[in-house]
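Okay, structure first, notes after.
The values are calculated or read from the model by the stated rules, or taken from the named source; none is laboratory data. The shown structure was predicted, so the numbers you read here are calculated from the model rather than taken from an experiment. With ideal geometry, Cβ positions are generated from the backbone for all residues, glycine too; neighbour counts draw on all protein chains shown.
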Amino acid sequence: MSKLVKLLCVVSLFALIPVTLWAQGIFATLTGVVSDPSESVVANAKVTLRDVGSGSVRETTTNGEGYYTFASVPVGTYSLTIDAQGFKGHKDDQIRLGGGERRGSRGLRRKIIYA
């Protein structure tokens, strides 16, 4: 391989590093598990994440193990609402997500109460 090709490969590699670091700095991931008071997981619960500043909304549904995830969430402050048939709704306000953060919402577990 010629010196020019090697040089171009090295320069290209270093050019991509700041882009990767920047992308990690402006997004976060929020995960959790929805359960009832007896610690049984709640499948098919509707989970809504709302950006307090912009009002933008993301929605997902818990899987068979009560697990949900929101990936590539822009840095900001959010409210999280959980609704499931036969249960009272649950809401958390003022969830602050920082850049590159991967975390569960308050220890992952969200308990919802029977209606």
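Overview of results
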quantity: Listing of strands (runs of 3 or more DSSP E) fully contained in the range 59-106 that carry 3 or more residues being surrounded by 14 or more Cβ atoms within 10 Å (Cβ to Cβ) and over 13 Å from the mean Cα position of the chain (by Cα); calculated: 76-83
quantity: Residue satisfying all of: in the range 19-40; outside any strand (DSSP E or B) and modelled with pLDDT of 50 or more; farthest from residue 90 (Cα to Cα) among these; calculated: 25
quantity: Test: residue 49 is surrounded by 14 or more Cβ atoms within 10 Å (Cβ to Cβ), outside any helix (DSSP H, G or I), among the aliphatic types (A, V, I, L, M) and modelled with pLDDT of 95 or more; calculated: yes
